Amino acid sequence: MPAFDLDKLNPEQRDAVTAPDGPILILAGAGSGKTRVLTHRVAYLLGERNAAPDEILAVTFTNKAAREMRERVGALMGGEASRLWISTFHSACARILRHEAKRLGFTADFTIFDEGDSISLLRRLIEEAALPDSPTPELARNRISQAKNEAVPPERFAAGASGGRDQAIAEIYRLYQERMRAMNALDFDDLQFLTCELFARDPEALARWQARAAHLLVDEYQDTNHVQYLLVRALSARTQNLCVVGDEDQSIYRWRGADIRNILDFERDFPAARIFKLEQNYRSTKTILAAAGDVIRNNLERKVKNLWTENRDGDPIVHYIATTERDEADYIAREIARLTSEGGMRPADIVVFYRVNAQSRVIEEALVRRRIPYYVVGGVRFYEQREIKDLLAYLRVILNPADGLSLERAIGVPPRGIGARTVDVIREVAARFGITQFEALGRLETESRVAFRIAKQAGALYDWLRDLIRRAAAMTVRAILDEIVARTDFTGYLEGLADGVARRQNLAEMLAAASAFDAEGGTGRLADFLERVALVSDADQVSEAGGRAALMTLHTSKGLEYRAVFIAGMEEGLFPHSRSQGDGAEIEEERRLCYVGMTRARELLYLTNTLSRELYGTRSESRPSRFLNEISPALLRQIAPKPQRGIEPLHPPTREPYVDYSDSQLPDSDGASAFAAGTEVIHPTFGRGVIRRREGRGDAAKAWINFERGGVKLLVLKFANLRPIAE
């Protein structure tokens, strides 16, 4: 067995790696080597604790992170790593459900619906149900997704529904789950939700997977939602050998159900837990780390950590104040051009982060003008391109003939004369005889409502697909696709489209992807291929290949690092987002998002804001983000705009103190309103400070105050003995 060297770890990392069995919480600050600790922990369990490879399960959130972890353990342990189960949450649950599908009323060849598939089905169900106060398909999907992430089944959702719209969504949720079961299909959220249900209702199945996860390691624990929390608790309940790694300062997915309390309350859930802190940062310069620390220290819901680094001080953080979004974009493009021509960087060393996708357009235009190669992460994914989804529909029918939604798509592309009226007949026949739509396709020749020519076309399609379904288990994915393309003249169909050249290129890429997949394992793996395609995330699009700069939203930034980072649009209402205004928890989430973006930078960090911005067709003046004002001026090099001839700046480029007016303007009977958010004060013990947030009124009025000597304190104003500092 290859040896691994624990001496290469710092003392805190080594303590975490060699900790005895039982619950472990590793608080890993940004850039502190958490992946190294996780992989060495796995290697230590195998090499020193004699754990069997098939007793270890390590889960994380992206395919990229899982692949990196698998490769690193392989480098440490060689062949010992081949039997390890290192996976994303969703992939792990898909594997469990393939084995246990019959216990939940499914078969192992179920298909996995993406967001577009779910919305298409919901649109149909909403039209069929014709309920009063019907929701839009998008709203229904969001509410159903939220319910599943909170482990709430349809009947419990209905019991808690209040009002017409909620009741309508509850009924659509019920119908949706029934239709999905009839089609032997699961959506993305079902993978975790149904696994959680399986563990709750089937002790035998739970015991089987508890044995397979006798040592459970969870990466990015701060991003777990409630259903993931329940899965982790269930799998670790027998052995208590749970090792979670995370950083509450990097919890940025509250909007999709992540619960920061999972990591903050770990010691409550596991009283015997050992806690380790990784505070040495190996990524960023001292300046970048200090600035990020200035920002995140303003959050209240966090554990105390003091990140430090032996790296060099580095350059000051550049704060560029632009007149408009076009000026901002042009500055970013100019600076990227300079860094790549004079600064010794490649475009792939650079990333531009923004809060919302709408910001990317003007940045892209500026990069194009300067001929800077770039790519956008989070646009239309490859497997969501129309022609790729058409081919995937055929593959899904071959895997799971009960998937009526995919069958209807395959019937329509390429066009073969079977139109919407015939599809309606197929649905009606299926309902009348209690059969699948695929079986109904083969019975159209007995239906007088369908023209003989169309019925013959349908029969030929049915016969071919039935034969291909029979042969598919002995075929590679590439061989199946080749037959589909040839039999349907898919290439000829694409050539007839206006953008046929680009779509044929996508077809070629799809065939190449299938060949690469087949090279890993051979025939009979169609289900695995479709599962991999269904679980691709935005983060999996990130690559240094091609030497291009990356553009992406801040929510895609987790787990990445670049030599130079730009964060554009540092303005109130944009970042932090307008939806967070007046909500302390949401503001803290936005601040964590800023912290994550800043700590992606190794050498250079640029923060930009505008004096005026046009967004969604409306131009308005902009105020600097409060996050800019939280950074010590000594760490910043500010570049102000040069006024254009005849045009004065909308307001001077100075550091304006941010004031949170969420409730600070409410009149107080005791005069405490003098202590508004943003007021500088002095305290006899804690010294100078700034009021960050106010809550309550009268004698109950309190304030969150960030003191120079005491950090953030919550004080009752009536008894705080504060004195405002006169300007």
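Is there a residue being touching a residue at least 12 places away in the same chain (Cβ under 8 Å), assigned to a strand (DSSP E or B), under 19 Å from Val351 (Cβ atoms) and open to solvent by 40 Å² or more (accessible area, probe 1.4 Å) anywhere in region 552-573? Let's see the steps before the verdict.
So the first thing to find is which residues in region 552-573 are touching a residue at least 12 places away in the same chain (Cβ under 8 Å), and the list is 552-573.
From what's left, assigned to a strand (DSSP E or B): 552-553, 562-567, 571, 573.
Pick out the ones that are also under 19 Å from Val351 (Cβ atoms) and you get 552-553, 562-567.
Those left that are additionally open to solvent by 40 Å² or more (accessible area, probe 1.4 Å): 563.
Checked region 552-573: at least one residue is touching a residue at least 12 places away in the same chain (Cβ under 8 Å), assigned to a strand (DSSP E or B), under 19 Å from Val351 (Cβ atoms) and open to solvent by 40 Å² or more (accessible area, probe 1.4 Å).
All but one of (1) farther than 23 Å from Asn281 by Cα; (2) surrounded by fewer than 17 Cβ atoms within 10 Å (Cβ to Cβ); (3) among the β-branched types (Val, Ile, Thr) hold for Val59; which doesn't?
Tallying (1) farther than 23 Å from Asn281 by Cα; (2) surrounded by fewer than 17 Cβ atoms within 10 Å (Cβ to Cβ); (3) among the β-branched types (Val, Ile, Thr), Val59 fails exactly one: (2).
Identify all residues within region 623-644 that are of a type in the set (Gly, Ala, Ser) and open to solvent by 10 Å² or more (accessible area, probe 1.4 Å); write none if there are none. Steps first, please.
The initial filter retains those residues of region 623-644 that are of a type in the set (Gly, Ala, Ser), namely 625, 632, 634, 640.
Matches in region 623-644: Ser632, Ala634, Ala640.
Yes or no: Ala458 part of a helix (DSSP H, G or I), farther than 21 Å from Val485 by Cβ and hydrophobic (A, V, I, L, M, F, W, C)?
Values: part of a helix (DSSP H, G or I): yes; farther than 21 Å from Val485 by Cβ: no; hydrophobic (A, V, I, L, M, F, W, C): yes.
So Ala458 fails the test.
Within region 468-498, how many residues turn out to be open to solvent by 70 Å² or more (accessible area, probe 1.4 Å) and either among the polar types (S, T, N, Q) or under 35 Å from the mean Cα position of the chain (by Cα) (or both)?
3
For region 398-417, check the following and say yes or no: at least one residue is open to solvent by 20 Å² or more (accessible area, probe 1.4 Å) and closer than 30 Å to Phe566 by Cβ. Reasoning before the result, please.
Quick first cut of region 398-417, residues open to solvent by 20 Å² or more (accessible area, probe 1.4 Å) only: 399, 401-402, 405, 408-409, 412-413, 415-417.
Now restrict to residues that are closer than 30 Å to Phe566 by Cβ: none.
No, because not a single residue in region 398-417 is open to solvent by 20 Å² or more (accessible area, probe 1.4 Å) and closer than 30 Å to Phe566 by Cβ.
Here are Glu204, Glu220, Glu197, Glu248: which of them is touching a helix residue (DSSP H, G or I) at 6+ places or on another chain (Cβ under 8 Å) and open to solvent by 30 Å² or more (accessible area, probe 1.4 Å)?
Working: Glu204 fails: touching a helix residue (DSSP H, G or I) at 6+ places or on another chain (Cβ under 8 Å); Glu220 fails: open to solvent by 30 Å² or more (accessible area, probe 1.4 Å); Glu248 fails: open to solvent by 30 Å² or more (accessible area, probe 1.4 Å).
After ruling out the rest, the residue left standing is Glu197.
Looking at (1) within 14 Å of Tyr394 (Cα to Cα); (2) touching a residue at least 12 places away in the same chain (Cβ under 8 Å), which is the only condition Asn506 fails?
Looking at each condition in turn, Asn506 falls short on (1).
Name every residue in region 223-245 that is small (Gly, Ala, Ser) and either crowded, with 23+ Cβ neighbours inside 10 Å or touching a strand residue (DSSP E or B) at 6+ places or on another chain (Cβ under 6 Å) (or both), in order of residue number. If you could, list the steps in order and put the result at the bottom.
First, the residues of region 223-245 that are small (Gly, Ala, Ser): 234, 236-237.
Across region 223-245, the qualifying residue is only Ser236.
Which one of these does Glu428 not meet: (1) over 22 Å from Leu125 (Cα atoms); (2) out of contact with any Leu (no Cβ under 9 Å at 6 or more places or on another chain)?
Glu428 satisfies every listed condition except (1).
Before we move on, is Asp117 within 24 Å of Asn400 (Cα to Cα) and either without any contact (Cβ under 8 Å) to a residue 12 or more places away in the chain or crowded, with 22+ Cβ neighbours inside 10 Å (or both)? Give the steps one after another, and end with the answer.
Working: within 24 Å of Asn400 (Cα to Cα): yes; either without any contact (Cβ under 8 Å) to a residue 12 or more places away in the chain or crowded, with 22+ Cβ neighbours inside 10 Å (or both): yes.
Judged against the criteria, Asp117 is a match.
Out of (1) farther than 22 Å from Gly524 by Cα; (2) open to solvent by 30 Å² or more (accessible area, probe 1.4 Å), the odd one out for Tyr462 is which?
The single condition Tyr462 does not satisfy is (1).
Could you grab me the full set of residues in region 9-53 that are among the hydroxyl-bearing types (Ser, Thr, Tyr) and either open to solvent by 10 Å² or more (accessible area, probe 1.4 Å) or closer than 13 Å to Leu217 by Cα (or both)? Break it down stepwise before answering.
So the first thing to find is which residues in region 9-53 are among the hydroxyl-bearing types (Ser, Thr, Tyr), and the list is 18, 32, 35, 39, 44.
Thr18, Thr35, Thr39, Tyr44 - these are the residues of region 9-53 that are among the hydroxyl-bearing types (Ser, Thr, Tyr) and either open to solvent by 10 Å² or more (accessible area, probe 1.4 Å) or closer than 13 Å to Leu217 by Cα (or both).
Under 9 Å between Cβ atoms, which residue pairs at least 6 apart in sequence (or on different chains) link something in region 393-417 that is among the basic types (Lys, Arg) with a partner that is open to solvent by less than 10 Å² (accessible area, probe 1.4 Å) and in a loop (DSSP other than H, G, I, E, B)?
Close Cβ pairs satisfying both conditions: Arg396/Asp403.
Taking region 366-397 as the search range and keeping residues that are open to solvent by less than 30 Å² (accessible area, probe 1.4 Å) and aromatic (Phe, Trp, Tyr), which one is nearest to the chain's Cα centre (by Cα)?
The selected residue is Tyr375.
The values are calculated or read from the model by the stated rules, or taken from the named source; none is laboratory data. It should be emphasised that the depicted structure is a prediction, and the values quoted were computed from it without experimental measurement. We place every Cβ from the backbone using ideal geometry, glycine too, and count neighbours over all the protein chains shown. Heads up: the accessible areas ignore ligands, DNA and RNA and are worked out on the full protein's heavy atoms, side chains in. Shrake-Rupley method; radii C 1.70, N 1.55, O 1.52, S 1.80 Å.
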